[in-house]
1. For a footprinting-style exposure proxy, rank Tyr139, Tyr20 by other Cβ within 10 Å, fewest first.
2. Using Cβ counts within 10 Å as a stand-in for footprinting exposure, how do Asp36, Asp130 rank, fewest first?
Amino acid sequence: MFIILTIIISGLIIGLIIIYNRFIHLKNQVDAAWSDISIQLKRRHDLIPKLVDVVKQYAAYEKTVLERITVLRSQSQRIDDQKDLAVTGQLENQLSEQFMQIKLLSESYPDLKASEHFTRLQQDLSLIEDSLQHARRYYNGAVRLLNTQIDQFPDLLIAHIFNFTPRQFFQMDMN
């Protein structure tokens, strides 16, 4: 009887350890995925001043688009991205809309469109947007796996005991 009880208790402890370690793995995966998004957002934000400067040289009277981009960049850098993903997503969507305005602006200024520096910045921005889209997909996949495990029985009991909470998805329209 003692041996059977020992085997059962050992099995429960091993099961608890396996489930806990799976939570840690998924949590770390979500954190690493968010780090990838943060890096891409930072690259995007670092590119903005260069893009704004080039456009200013060609289109001085298009100040509203340029000012809006600058304001959105500042707002986006001030918030804690991981705490309020909805606000981050909205600001980044607005930035994407303003980038589209710059692309349209380049159509109005053939000299700007022909500028090698502007073309390079546009290509860099496109690469960053693609990388951001991939990072967002990976992050949301990692969040889905973590949230699914938190909701499953018996894992939800362990999640509650060790304070694992569901994470928010990062919603952002990718143009």
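Laboratory data are not the source of any read-out in this text; all were calculated from the coordinates shown. All values reported here derive from a predicted model rather than from experimental measurement. All Cβ positions, even for glycine, are placed from backbone atoms using ideal geometry, and neighbour counts span all protein chains on display.
1. Least crowded to most crowded, the residues run Tyr20, Tyr139.
2. Details: Asp36 16, Asp130 12.
Ordered from fewest to most neighbouring Cβ atoms within 10 Å, Asp36, Asp130 come out as Asp130, Asp36.
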